[in-house]
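Q: Dropping a structure here in structure tokens format, bear with me for questions.
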Amino acid sequence: MAALLDYPASAGKHPAFRVMLEVNFADGSGGGGYTRLVGTEGVIEIDDHTCRLRRQPLPQAPGYGGWDSFDTFPEDVQKAFVAEYDRKYPPQTRIAPPAEEIVFTAPEGYDDHQAHMQRFIDAVRGRAPIIEDATFGFRAAAPALACNLSYEQQKPVYWDARQMKLR
């Protein structure tokens, strides 16, 4: 199943963004899963024990040729384009800042499931604040549940995050 979830902008909190979910329950290989956040300057990948940030900002100049329709135009049009491009984008704007990668790996022996359950038990016993309350859990689960409903009904489902209900 593949799903697209479009989130509108929230004033002062975040711009509009899109989430793409993919899942294949039929595979059964137990190959694991991960979360990948793709932004304008790089990618964050999170799996069971590692969080990896790959930052690759793009140059200011958009670039051309080799993958677009540039080579399909007549030579005189290409020359005019290159002249305008060279005027608009000096050489220094065509260089991307250097890429960087930061990797955080959980300490040896760390068990995220055990830590999650321990926090829950401590909160129930009143020894620790609740980090992920019922509202948090519902907001986290609702989009995935809406995806399942959309799949079952074979039509888009609209979720109102403010009212926390289907529209």
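The values are calculated or read from the model by the stated rules, or taken from the named source; none is laboratory data. Source: prediction; values computed, not measured. With ideal geometry, Cβ positions are generated from the backbone for all residues, glycine too; neighbour counts draw on all protein chains shown. Heads up: the accessible areas ignore ligands, DNA and RNA and are worked out on the full protein's heavy atoms, side chains in. Shrake-Rupley method; radii C 1.70, N 1.55, O 1.52, S 1.80 Å.
Q: Could you pull the accessible area for I95 with a 1.4 Å probe, rounded to 10 Å²?
A: Its heavy atoms expose roughly 120 Å² to the probe.
Q: Can you match mean projected area of the Cα convex hull in nm² to one of these, [x] 17.0; [y] 8.6; [z] 12.0, based on a calculation from the structure here?
A: Evaluating mean projected area of the Cα convex hull in nm² on these atoms matches [x].
Q: May I ask you to give the solvent-accessible area per residue for region 1-93, in square angstrom, as obtained with a 1.4 angstrom probe?
A: 79
Q: For the chain, which whole-number percentage of the solvent-accessible area (1.4 Å probe, protein heavy atoms only) is attributable to carbon and sulfur atoms?
A: 57
Q: I would also like to ask the following. Relative contact order for the chain: what percent, with Cα pairs under 8 Å and sequence separation of 6 or more?
A: Across the chain, relative contact order equals 15 percent.
Q: Note down the magnitude of the dipole of the chain about its Cα centre, charges +1 on Lys and Arg C-beta and -1 on Asp and Glu C-beta and zero elsewhere, to the nearest 20 debye.
A: 780
Q: Here is a further query. Run the reach check for K165 against lysines, Cα to Cα strictly under 29 Å, same-chain hits fewer than 8 apart removed. What comes back?
A: Of all the lysines, those that pass the test against K165 - Cα under 29 Å, at least 8 places apart if same chain - are K13, K155.
Q: Another question, then. Kindly express, to the nearest 10 degrees and within the range 0 to 90, the angle between helix 75-88's C-alpha long axis and the longest C-alpha principal axis of the chain.
A: The helix 75-88 is inclined about 60 degrees to the chain.
Q: Separate question: Once fully extended, how much extra length lies between W67 and A134, figured as 0.36 nm per residue of separation less the alpha-carbon to alpha-carbon distance?
A: Fully extending the segment from W67 to A134 adds 19.3 nm.
Q: By how many nm would the segment from N148 to E100 lengthen if fully extended, with 0.36 nm per residue of separation less the alpha-carbon distance?
A: On the way: separation 48, 0.36 × 48 = 17.28 nm, distance 3.73 nm.
Taking N148 through E100 to full extension adds about 13.5 nm, to one decimal.
Q: Calculate for the chain the 222 nm mean residue ellipticity that helices alone would give, adding -39,500 (n - 2.57) per DSSP H run of length 4 or more and normalising by residue count, nearest 500 deg cm²/dmol.
A: Computed ellipticity for the chain at 222 nm equals -9500 deg cm²/dmol.
Q: Could I ask something else about it? Nearest 10 degrees is fine. How inclined is helix 112-124 to the longest principal axis of the chain, computing both from alpha carbons?
A: Taking the Cα atoms of the chain, the angle to 112-124 is about 50 degrees.
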